[in-house]
Every structure is written in C-alpha cells, then in structure tokens.
Amino acid sequence: MTAALPRQAAPPDEPGRPPETPGHKARRRALTLLIIVLLIGVPAGYLVISAAQSRDSGKDKESRYSATGLAEGWPSKVQRRLYQVPVPHPADRIACYETNNWKTSRLYVQFRTNSAGLDSFLEGMGVNRDALRKNDITVSSRDQKITGWKFTGAGPWAGLTHDQKNPAPTQDVVVNTADPEFPMVYVVSRTVP
C-alpha cells in the first residue's frame, strides 16, 4: 500500500489569489477567442484566396491552350525567341497560334507592318528582302488549313523558306504587298523538340 502524502500548505506570507471578476473573465475569453480566430482564420482565408487565384489561372491557361486557330494578340517573348520570329515595331493585325506534338512544334504568326518593319523583320531572321521570291507561296496547304490563311486575294505575293540546322527553327514566310506601304506578313516557324 502506498501512503498518501500530506498536502503542503501555502506559505503564510503570500496572499491568495483574488477571485476572478466577471469583467476580467469576459476579457480573458475575448482574448482567447481572438487568438483562435487569428491562428485558424487567417491561414484558412489565405488558402481560400490562393485556391481561387489558382483556379482562375488554370482557366486562363486552359482557354489559351485549347484555342484551335489564330488568336488575336502578340506571341509571348519566349515564343518569339524560341521560334525566332522577331515581330517588328510598329505592327498591327497581329495574331498567333502554337501547336506542339512529339515530332514538331510550330508557331503561326501574322502581322501587318510598314516597309521598314518588313526589312527589320527579315534582318532579324538573318535574311533580306532579296530572298523573297515572287509568287512563291511557301506556307504548306496543311498549315493554311490550320490557320485559315488563303493566299488567293490581291497581291503581289512573295515568299521564302529560311532553313536552319536543328535545333534552330525553319521559317516559311509569305508577304502580301498589295499595299506596298503596309505589307501583310504570314510566318510559320517550326522546330523539332
């Protein structure tokens, strides 16, 4: 059997704790509630906001990558650099579309620029205007079908194929100079991943 230990009495010189008043009890409970809300509510709120932003971002990417044809707007800087399509300034009527598969990746770009912009674009690719061959439609019928491009309207039309050694892309360019001051440029740049 174990013997019960006697309780030690409080020292006589220490005053006892005063009883808790109702106001003090209410403040203590309010402080406890505030701490719980801050410890649980703030991280939970952050998670809700983060999840909503992530979902919205996914929807934006889904709509961009589910596009099935040219979409109005500039190709991204990464796309322009990867596919070596130096869209000049000024340019308007810009549209692009990218396709990727295990064999070949393609970037389709169209834009209208001025005469100096066309020269700048061609120089950025490493060619000049003399490389354009009159009435040479270098964009394949397959690529025309994907983009909806029809090279049958008012011309004159000129084209070139800029072949490069892998992994650098190969570009097919068609230029419509019906308005020589503002030529319309169509580019298909393809690369093997």
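Would you check which residues across region 67-96 are open to solvent by less than 70 Å² (accessible area, probe 1.4 Å) and of a type in the set (Lys, Arg) and list them?
Selection gives 80 alone.
Could you tell me which of the residues 154, 178, 168 is touching a residue at least 40 places away in the same chain (Cβ under 8 Å) and either open to solvent by 20 Å² or more (accessible area, probe 1.4 Å) or not small (Gly, Ala, Ser) (or both)?
Only one candidate passes the filter, namely 168.
Scanning for something modelled with pLDDT under 75 and part of a helix (DSSP H, G or I), does region 29-51 turn up at least one residue?
Checking region 29-51: not a single residue is modelled with pLDDT under 75 and part of a helix (DSSP H, G or I).
With the requirement that a residue be among the polar types (S, T, N, Q) and open to solvent by 60 Å² or more (accessible area, probe 1.4 Å), what does region 97-119 give you?
Listed by number, the residues that qualify are 100, 101.
Filter region 120-140 down to residues that are under 15 Å from residue 160 (Cα atoms) and open to solvent by 40 Å² or more (accessible area, probe 1.4 Å), then give me how many there are.
Number satisfying all stated conditions: 12.
The values are calculated or read from the model by the stated rules, or taken from the named source; none is laboratory data. The structure displayed is predicted, hence computed values, not measured ones. Cβ atoms come from the backbone with ideal geometry, glycine included; neighbour counts cover every protein chain shown. To get the accessible areas, we keep the full protein, side chains included, count just its heavy atoms, and leave off ligands, DNA and RNA. Shrake-Rupley method; radii C 1.70, N 1.55, O 1.52, S 1.80 Å.
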